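For reference, the structure is listed below as structure tokens.
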Amino acid sequence: MASPRVCVTGGGGYVASWLVKLLLSRGYAVHATVRDPSDPKNAHLRRMEGASESLLLFKADMLDRDALAAAVSGCEGVFHVASPVPADKVLDPEAKVLSPAVKGTLNVLQACSANNVRKVIVVSSTAAVHFNPSWPQGIIQDESCWSDKFFCTKSEEWYIAAKTIAEETALEYGEKNGLLVVTVCPCVVLGPLLQPLINTTSEVFVYIIKGGPRAMKNITWNIVDVRDVADALLLVYEKVESSGRYICAPNRISTYDIANLFRKFYPNYNYVKCSDEDHESEMPPVTSEKLKSLGWKPRKLEETLLDSIEHYEKAGFLQDVEGCPCRLPYLFHFASN
């Protein structure tokens, strides 16, 4: 019997790489889109177990409909993971963030409709959940809570606006066009990397460990393991009853407690200056009960954090590099004083 065939967009990225690895290990044939299949930063995909028999890389940009149609052709399911994550301040939000996220999502969905794809899983973010000033304080946020896109654009939080609009667009498109679309909203994703380049969220935690120049606020982070995100994506794909959106945010910890945990096991780093004053209200608590009710079992937070720092050490991310100062990515500007 032929292997079930699925497509993963942005296949060389942090979450997508772990998803491709998981899919190959479960006997799927995988089409993965990347910007350049010959780029050394995608070489890790070809080295995965089962890749030589079951992985095809497709050169595709999210704004190129023909390339996307070729990638999803013959696939029964699609995981749309690709999305721009700006490391610096966004000067041209339409071109750099909004269009690739929103138009890119629509292009993927239209390619799916044209190629009889059965089910599409879209990776959104808790960024599309949290930022809603009218949500009652003290009430845990669930899948019914949406970030206020007008508030986000007014505040120039372009990444948050893009994730919110793209997820809304995906679910609306599915309803109108009879395409089964399910969205998954992970929070801050940590854990080991399969790709050679560091991603934006890992940069934040390297900053905490190395003790970047600016002190950080003691905010509370919602954290999920990258391997658990991959598990969640495959779970909602395989479960017939999955529908709507799913929050993927099992753990909560403050900056102060993260630094203390790391310091206990790895005492030789500088660690960022951080007050123990509480800023918990800046990141509201969320529930992942809907996802857990499908059978999702995330790992313990300590395992995720310690596996992360162990990987950063092995990969050389914690070494000082001349001319490359330790910096906090602009996307997380709210986390520093």
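The values are calculated or read from the model by the stated rules, or taken from the named source; none is laboratory data. These numbers come from a predicted model, not from an experiment. Virtual Cβ from ideal backbone geometry, glycine too; neighbours counted across all protein chains shown.
Observations, loosely collected:
- For VAL226, the conditions (1) of a type in the set (Val, Ile, Thr); (2) surrounded by 22 or more Cβ atoms within 10 Å (Cβ to Cβ); (3) out of contact with any helix residue (DSSP H, G or I) (no Cβ under 6 Å at 6 or more places or on another chain) all hold with the exception of (3).
- Being touching a helix residue (DSSP H, G or I) at 6+ places or on another chain (Cβ under 9 Å) and among the aliphatic types (A, V, I, L, M) is a property that LEU91 lacks.
Quick grid of which residues meet (1) over 16 Å from the mean Cα position of the chain (by Cα); (2) buried (at least 17 other Cβ atoms within 10 Å of the Cβ):
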{"site": "SER3", "(1), (2)": "yes, no"}
{"site": "GLY13", "(1), (2)": "no, yes"}
{"site": "ARG35", "(1), (2)": "yes, no"}
{"site": "LEU55", "(1), (2)": "yes, yes"}
{"site": "ALA60", "(1), (2)": "yes, yes"}
{"site": "ASP66", "(1), (2)": "yes, no"}
{"site": "ALA82", "(1), (2)": "no, yes"}
{"site": "ALA95", "(1), (2)": "yes, no"}
{"site": "ASN107", "(1), (2)": "yes, yes"}
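- Pairs with Cβ under 6 Å, 6+ apart, first in segment 267-290 and closer than 30 Å to ARG245 by Cβ, second basic (Lys, Arg) and modelled with pLDDT of 90 or more: HIS279/LYS217
- Listed by position, the helices (runs of 4 or more DSSP H) inside segment 228-337 whose residues that are under 30 Å from CYS75 (Cα atoms) number at least 2 are 289-292.
- If you go through segment 35-86 and pick out every residue that is farther than 16 Å from CYS112 by Cβ and among the small types (Gly, Ala, Ser), you end up with 7.
- Lone qualifier among ALA128, ALA71 - being within 20 Å of the chain's Cα centre (by Cα), in a helix (DSSP H, G or I) and either at pLDDT below 95 or of a type outside the set (S, T, N, Q) (or both): ALA128
- Qualifying positions in segment 163-182 - polar (S, T, N, Q) and buried (at least 24 other Cβ atoms within 10 Å of the Cβ): THR164
- Selection of segment 229-249 for residues being among the β-branched types (Val, Ile, Thr) and surrounded by fewer than 19 Cβ atoms within 10 Å (Cβ to Cβ) yields only VAL240.
- Residue within segment 162-183 that is touching a Cys at 6+ places or on another chain (Cβ under 9 Å), among the aliphatic types (A, V, I, L, M), under 18 Å from VAL15 (Cα atoms) and in contact (Cβ under 8 Å) with a residue 12 or more places away in the chain present: no
- Taking the listed residues ARG252, ARG214, the one that is within 15 Å of LEU305 (Cβ to Cβ), of a type in the set (D, E, K, R), in contact with a strand residue (DSSP E or B) (Cβ under 7 Å, 6 or more places away or on another chain) and surrounded by fewer than 24 Cβ atoms within 10 Å (Cβ to Cβ) is ARG252, with no other qualifying.
- Helices (runs of 4 or more DSSP H) within segment 138-227 that include 2 or more residues over 17 Å from the mean Cα position of the chain (by Cα) and of a type in the set (Lys, Arg): 149-154
- Checked against (1) touching a Phe, Trp or Tyr at 6+ places or on another chain (Cβ under 9 Å); (2) within 27 Å of LYS292 (Cα to Cα); (3) among the charged types (D, E, K, R), GLU172 passes all but condition (1).
- Boolean, PRO329 is out of contact with any Gly (no Cβ under 7 Å at 6 or more places or on another chain) and at pLDDT 95 or above: no
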